[in-house]
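Peer 1: A single structure is presented below for examination.
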Amino acid sequence: MLLPPVIRASFFTQMALAQQVRLANPQPDYVAMQQAHPGGLMCPMDGIAVSFGRETTDFVLRHHELFSSAVDMPLGNVRPLIPLNIDPPKHSKYRKILDPLFSPKRMDEMEPDIAARANKFIDEFVADGECNFSEQFAEQFPSAVFLGLMGMPWDQLEMFLHLRDGILHPEKVDPAAEADFTVRFAVMNATGQEIYTYFNEQLDQREANPADDLLTHFITAEVDGDTMSREEVLDLCYLFLIAGLDTVSDSLTCLFAYLAQHPEQRQLIVDDPRVIPGAVEELLRWETPVPYGVPRVATQDVQLPNGTTLAEGTVVTVSYGGANIDPSEYPDGFDVRFDRDDNRHIAFGGGVHRCLGSHLARRELRIALAEWHRRIPQYGIKPGHEDLQFPLGLRHVKDLTLSWS
C-alpha cells in the first residue's frame with residue numbers, strides 16, 4: 001500500500017528512531033542525538049529531517065510561513081483536521097472561536113466536575129488494593145471529561161472509547177492492523193465514517209434543541225459575522241475526539257509510572273499538594289508523552305539557525321522530547337525538580353499551532369494527581385509487573401499495574 005508522503009516520512013522516521021531512542025528511557029538518547037548531528041538535526045533519508053535540538057525545533061514551530069502544517073494526515077478523516085492542519089491566516093479564524101472555550105477561567109468552572117469524574121473511577125477500585133491503571137483510570141478518565149465538555153451522558157463512554165481506538169489503536173479493533181497497513185487504514189476509515197455520522201446526529205439535535213455545551217457553541221459561534229459550516233464543525237469535532245481522548249491518557253501513564261518508581265518525589269506531593277502544578281510541568285518536560293510533533297513541510301528552501309539548508313518539500317518532524325532535555329535550555333535537565341523556575345518546556349508544542357487544549361490537559365493532570373494522592377497516597381508498581389512496556393507511537397505505558405495497601 002502506497003502511503004501519503006507525510007505519513008510515509010513519519011512512519012520511517014519512527015522506525016529509524018526506534019533503533020536509536022529507547023522509549024522507556026529516551027532522555028540520554030535525545031542528548032546523544034543532539035551531539036551526533038549538527039544543530040541536533042538528523043536526516044535519515046532524502047526529504048526527511050528530524051529536529052532534536054531546542055533552537056532548531058523552536059525555529060520550525062515559530063515559522064509557520066516556512067513550515068506548513070497543511071499536510072495530509074489520513075486518520076480516517078476525509079478533510080483536513082481543524083485547526084491542526086490549517087495554516088494562518090485561516091487558522092486564526094478557528095482559534096478566535098476556540099481559545100475562549102479553553103481559557104483558565106473556563107477550566108476553573110469545570111474543576112468540580114472534573115474532580116467528581118476522577119473520583120468516580122477511583123471509587124471503583126480503591127478497595128481492591130490494586131488496579132490496571134492504564135485501563136481502569138488513564139484511558140477512561142480523560143474520555144469522561146470529554147463527555148462532560150461536549151454535553152454527552154455517561155452511557156456514551158464506551159462508544160467514545162471505541163471510536164478513539166478505531167483511529168488511534170486500530171489493532172484493538174482488528175489485531176491484523178498491527179502489521180498490515182491495508183487492514184489498519186480500513187479500520188480507521190470505517191471508524192472515521194462512524195465519527196462523522198455520530199456527530200452529525202448530535203449536531204442535528206443541538207440545532208433542534210440548543211444546550212449549554214460545546215456542540216451548541218460550535219454551531220452558533222460567529223467570527224466576523226460568519227458561523228462555521230456543518231463540515232467545519234464536524235472536522236473540529238473529529239479532531240477533538242482523537243486529540244482529547246488519548247494524549248492525556250498517555251500522559252497519566254507516564255506521570256504515574258514515574259511517581260510509582262520515585263517514592264521520594266511522590267512523597268513531596270503527599271506532604272504538600274501545593275507542589276502539584278510544578279510537578280505536572282516538570283513531569284511533562286521530563287516524560288514528554290507526545291515525543292514528536294505533527295510533520296511539517298518546508299514551503300521553500302530554508303536556512304536553519306545552524307546554517308543547514310533544507311530543500312523545499314522536506315518533511316520535518318520536531319522532537320518535543322529532545323527539545324525538553326536539550327542542555328542549552330536545561331543545563332541540569334536530568335534533574336527532575338518540582339520547584340523548577342521558568343520551566344519553558346514545549347510538551348504542548350509551540351507557535352500558532354500550540355496545543356489548543358493545554359489548559360484543559362493541565363487541569364486534568366493536576367486534578368488526577370490531587371485526588372489520587374489524597375485517597376491513595378502510598379502505592380507502587382505491583383510486584384511482578386516492573387517490566388514496563390512502552391509501545392511505539394505516543395509515549396505511554398501499556399498495562400501499568402499499581403498496588404497499595
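Peer 1: Checking Arg285 against (1) without any contact (Cβ under 8 Å) to a residue 40 or more places away in the chain; (2) among the basic types (Lys, Arg); (3) surrounded by 20 or more Cβ atoms within 10 Å (Cβ to Cβ), only one condition comes out false. Which one?
Peer 2: (1)
Peer 1: Do we find a residue being surrounded by 21 or more Cβ atoms within 10 Å (Cβ to Cβ), in contact with a helix residue (DSSP H, G or I) (Cβ under 6 Å, 6 or more places away or on another chain) and part of a helix (DSSP H, G or I) anywhere in segment 59-66?
Peer 2: yes
Peer 1: Just for segment 304-317: of the residues that are β-branched (Val, Ile, Thr) and touching a residue at least 60 places away in the same chain (Cβ under 8 Å), which one is surrounded by the fewest Cβ atoms within 10 Å (Cβ to Cβ)?
Peer 2: Ranking the candidates gives Thr308 first.
Peer 1: Scan segment 246-262 and report the pairs whose first residue is under 9 Å from Ala368 (Cβ atoms) and whose second residue is of a type in the set (Phe, Trp, Tyr) and modelled with pLDDT of 95 or more, with Cβ atoms within less than 6 Å and a gap of 6+ or a chain change.
Peer 2: Phe256/Phe133
Peer 1: Failed condition for Tyr320, given (1) modelled with pLDDT of 95 or more; (2) more than 11 Å from Ser51 (Cβ to Cβ); (3) not polar (S, T, N, Q), with all others met?
Peer 2: Just one mismatch for Tyr320, condition (2).
Peer 1: Just wondering, is there one or more residues in segment 201-214 that are surrounded by 17 or more Cβ atoms within 10 Å (Cβ to Cβ), at pLDDT below 90 and in contact with a Lys or Arg (Cβ under 7 Å, 6 or more places away or on another chain)?
Peer 2: no
Peer 1: Restricting to segment 93-110, name every residue that is surrounded by 13 or more Cβ atoms within 10 Å (Cβ to Cβ), of a type outside the set (A, V, I, L, M) and in contact with a helix residue (DSSP H, G or I) (Cβ under 9 Å, 6 or more places away or on another chain).
Peer 2: Residues satisfying the conditions are Tyr94, Arg95, Phe102, Arg106.
Peer 1: It is to be established whether one or more residues within segment 278-291 are over 29 Å from Leu402 (Cβ atoms), in contact with a helix residue (DSSP H, G or I) (Cβ under 8 Å, 6 or more places away or on another chain) and of a type outside the set (Ser, Thr, Tyr).
Peer 2: No: zero hits.
Peer 1: Could you say which residue among Asp339, Asp335 is surrounded by fewer than 17 Cβ atoms within 10 Å (Cβ to Cβ), in contact with a Gly (Cβ under 7 Å, 6 or more places away or on another chain) and among the charged types (D, E, K, R)?
Peer 2: Asp339
Peer 1: Is it true that Ile97 is within 30 Å of Val187 (Cα to Cα) and either out of contact with any Leu (no Cβ under 6 Å at 6 or more places or on another chain) or assigned to a helix (DSSP H, G or I) (or both)?
Peer 2: The answer is no for Ile97.
Peer 1: Checking the condition among the hydrophobic types (A, V, I, L, M, F, W, C), more than 20 Å from Ser249 (Cβ to Cβ) and over 22 Å from the mean Cα position of the chain (by Cα), which residue from Phe185, Phe125, Phe181 passes?
Peer 2: Answer to the check: Phe181.
Peer 1: Can you tell me which residues in segment 175-223 are closer than 28 Å to Met110 by Cβ and not in a helix (DSSP H, G or I)?
Peer 2: Passing the criteria: Asn209, Pro210, Ala211, Asp212, Asp213, Ala221, Glu222, Val223.
Peer 1: Further question: Name every residue in segment 73-129 that is modelled with pLDDT of 90 or more and of a type in the set (Asp, Glu), in order of residue number.
Peer 2: Of everything in segment 73-129, those that are modelled with pLDDT of 90 or more and of a type in the set (Asp, Glu) turn out to be Asp87, Asp108, Glu109, Glu111, Asp113, Asp123, Glu124, Asp128.
Peer 1: Answer yes if at least one residue in segment 82-90 is closer than 21 Å to Ser229 by Cα and outside any loop (DSSP other than H, G, I, E, B), and no otherwise.
Peer 2: Checking segment 82-90: at least one residue is closer than 21 Å to Ser229 by Cα and outside any loop (DSSP other than H, G, I, E, B).
Peer 1: Next question. Taking segment 365-405 as the search range and keeping residues that are under 20 Å from Asp271 (Cβ atoms) and among the small types (Gly, Ala, Ser), which one is surrounded by the fewest Cβ atoms within 10 Å (Cβ to Cβ)?
Peer 2: Filtering segment 365-405 for residues that are under 20 Å from Asp271 (Cβ atoms) and among the small types (Gly, Ala, Ser), the one surrounded by the fewest Cβ atoms within 10 Å (Cβ to Cβ) comes out as Ser405.
Peer 1: Could you tell me whether segment 379-386 includes any residue that is touching a residue at least 12 places away in the same chain (Cβ under 8 Å) and under 30 Å from Met107 (Cα atoms)?
Peer 2: yes
Peer 1: From the list Asp326, Asp250, Asp301, Asp272, exactly one residue is out of contact with any His (no Cβ under 8 Å at 6 or more places or on another chain) and crowded, with 21+ Cβ neighbours inside 10 Å. Which is it?
Peer 2: Selected residue: Asp326, the only one of Asp326, Asp250, Asp301, Asp272 that is out of contact with any His (no Cβ under 8 Å at 6 or more places or on another chain) and crowded, with 21+ Cβ neighbours inside 10 Å.
Peer 1: Here's a follow-up. Just wondering, is there one or more residues in segment 335-346 that are under 30 Å from Pro44 (Cα atoms) and not β-branched (Val, Ile, Thr)?
Peer 2: yes
The values are calculated or read from the model by the stated rules, or taken from the named source; none is laboratory data. The structure displayed is predicted, hence computed values, not measured ones. No Cβ is skipped: glycine too gets one built from the backbone with ideal geometry, and neighbour counts run over all protein chains shown.
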